[in-house]
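A.B. asks: Before anything else, here's the structure in question.
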Amino acid sequence: MSSPPKIDDVRAATAVKLKGRTKLKLGELPTNGHSLFEDKKTAKASLDDDATVIDTLQDALYAEQKHALLVVLQGIDTAGKDGTLKSVFKFTSPLGVRVHPFGRPTDLELAHDYLWRAHAAMPRKGHIGVFNRSHYEDVLVVKVRKLAPPQAIEQRYEQINQFEKHLHENGTRILKLMLHVSRKEQGVRLRERLEVPQKRWKFNPSDLEDRELWDQYEAAYATMLERCSTTWAPWHIVPADSRSRRDAIAARLVRGALEDLNPQYPDPGYRPEQFEID
Ligand code: ADP
């Protein structure tokens, strides 16, 4: 077994790099994660360590009530959003984590601006919030399926950056993970959904329509990553073809975000020796 990569190395390897390039080419970026975790055994051990530490840090975050952490999970169908959050938070108390899925907007949501539902779902101080899909659907599926006028979508990148800046300045740390799966692996996973009886409920024929639109989604994801990777809310591209490596990489990044927040247990305002319990 080898040793796990340092958190800073995972950050550097998954950060969106735009230097000297006009266009991000997602198709050229690795989807397997082997450069970070050579073997699965190391990935699994690292995940277990990090999941344990994430629970400990979450406890202090909850006690301190000063900051919130928002983890945004995006990725095309089968990229593993559900699996990632199950693994990364497998040891975290459900008291302190809130998962919010973003499906097709309801009539009420459509009657508001597109960020309304995201703002309402933000984690409160002391909590970790996980967005399973997010406000970024409004520059992804909405763009690819032409559900809003192009000019309106064009304005959204900067609107989202400002929205996230506002949240950051008001105590929410934002970590955004784009799960990067290859078209080949998506084919394997979609077939698995049809073949395995327990997975059939996950299959939706519209997933095949989206698969036909692969190139358009890839372009929409690239634009989103290029335009919405900010210092206050960075995107990380997580190779997602190997489930164990994907989970281990995501856990390193979540642990890093919590360690940066450095939550401390508050002073209780009394001295324990003041009290006697019979
Ligand atoms: P998931 O695929 O995440 O497991 P669902 O099967 O409920 O969950 O799919 C949610 C669907 O809602 C996806 O197809 C997604 O593209 C769609 N969706 C999310 N946000 C929007 C939006 N703002 N406008 C249109 N469709 C959206």
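A.B. asks: For the stretch 3-21, enumerate the residues that are in contact (Cβ under 8 Å) with a residue 40 or more places away in the chain, assigned to a loop (DSSP other than H, G, I, E, B) and either open to solvent by 50 Å² or more (accessible area, probe 1.4 Å) or charged (D, E, K, R) (or both).
C.D. replies: PRO4, LEU18
A.B. asks: Looking at (1) near the ligand (Cβ under 9 Å from one of its atoms); (2) assigned to a loop (DSSP other than H, G, I, E, B); (3) open to solvent by 30 Å² or more (accessible area, probe 1.4 Å), which is the one condition that is false for ALA148?
C.D. replies: Just one mismatch for ALA148, condition (3).
A.B. asks: Something else: Determine which member of the set LEU24, LEU69 is outside any loop (DSSP other than H, G, I, E, B), over 13 Å from ALA250 (Cα atoms) and touching a Leu at 6+ places or on another chain (Cβ under 9 Å).
C.D. replies: Just a single option satisfies the conditions, and that option is LEU69.
A.B. asks: Then there's this: Check the stretch 111-126 and report whether any residue there is among the aromatic types (Phe, Trp, Tyr), more than 24 Å from VAL254 (Cβ to Cβ) and exposed (fewer than 15 other Cβ atoms within 10 Å of the Cβ). Outline the logic, then answer.
C.D. replies: Taking the stretch 111-126 first, the residues among the aromatic types (Phe, Trp, Tyr) are 114, 116.
Applying the additional criterion that residues be more than 24 Å from VAL254 (Cβ to Cβ) yields 114, 116.
Subsequent filtering for residues that are exposed (fewer than 15 other Cβ atoms within 10 Å of the Cβ) retains none.
No, the conditions are met nowhere in the stretch 111-126.
Residue by residue, here is whether (1) among the aliphatic types (A, V, I, L, M); (2) within 16 Å of the ligand (Cβ to nearest atom); (3) open to solvent by less than 70 Å² (accessible area, probe 1.4 Å); (4) not in a loop (DSSP other than H, G, I, E, B) holds:
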{"residue": "VAL188", "(1), (2), (3), (4)": "yes, no, yes, yes"}
{"residue": "ARG191", "(1), (2), (3), (4)": "no, no, no, yes"}
{"residue": "ARG211", "(1), (2), (3), (4)": "no, yes, yes, yes"}
{"residue": "ARG252", "(1), (2), (3), (4)": "no, no, yes, yes"}
{"residue": "ARG255", "(1), (2), (3), (4)": "no, no, yes, yes"}
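A.B. asks: Can you work out which of the residues in the stretch 127-138 that are open to solvent by less than 40 Å² (accessible area, probe 1.4 Å) and within 11 Å of the ligand (Cβ to nearest atom) is nearest to LEU175 (Cα to Cα)?
C.D. replies: Top of the filtered list is PHE131.
A.B. asks: Now, a different point. Which members of the stretch 69-95 meet the condition of being open to solvent by less than 10 Å² (accessible area, probe 1.4 Å), closer than 11 Å to ILE128 by Cβ and within 16 Å of the ligand (Cβ to nearest atom)?
C.D. replies: VAL71
A.B. asks: Please go through the stretch 35-54 and pick out each residue that is open to solvent by 90 Å² or more (accessible area, probe 1.4 Å) and of a type outside the set (S, T, N, Q).
C.D. replies: Taking the stretch 35-54 as the starting set, the residues that turn out to be open to solvent by 90 Å² or more (accessible area, probe 1.4 Å) are 35, 38, 40-41, 44, 49.
GLU38, LYS40, LYS41, LYS44, ASP49, listed by residue number.
A.B. asks: Same structure, new question: Please give the number of the condition ARG98 fails out of (1) within 16 Å of the ligand (Cβ to nearest atom); (2) open to solvent by 10 Å² or more (accessible area, probe 1.4 Å); (3) touching a strand residue (DSSP E or B) at 6+ places or on another chain (Cβ under 7 Å).
C.D. replies: All conditions pass for ARG98, except number (1).
The values are calculated or read from the model by the stated rules, or taken from the named source; none is laboratory data. Predicted, not measured: the structure shown is a model, and the values here were computed from it. Every residue, glycine among them, receives a Cβ derived from its backbone with ideal geometry; neighbour counts consider all protein chains shown. Quick note on the areas: whole protein, heavy atoms, side chains included, nothing else; ligands and nucleic acids left out. Shrake-Rupley method; radii C 1.70, N 1.55, O 1.52, S 1.80 Å.
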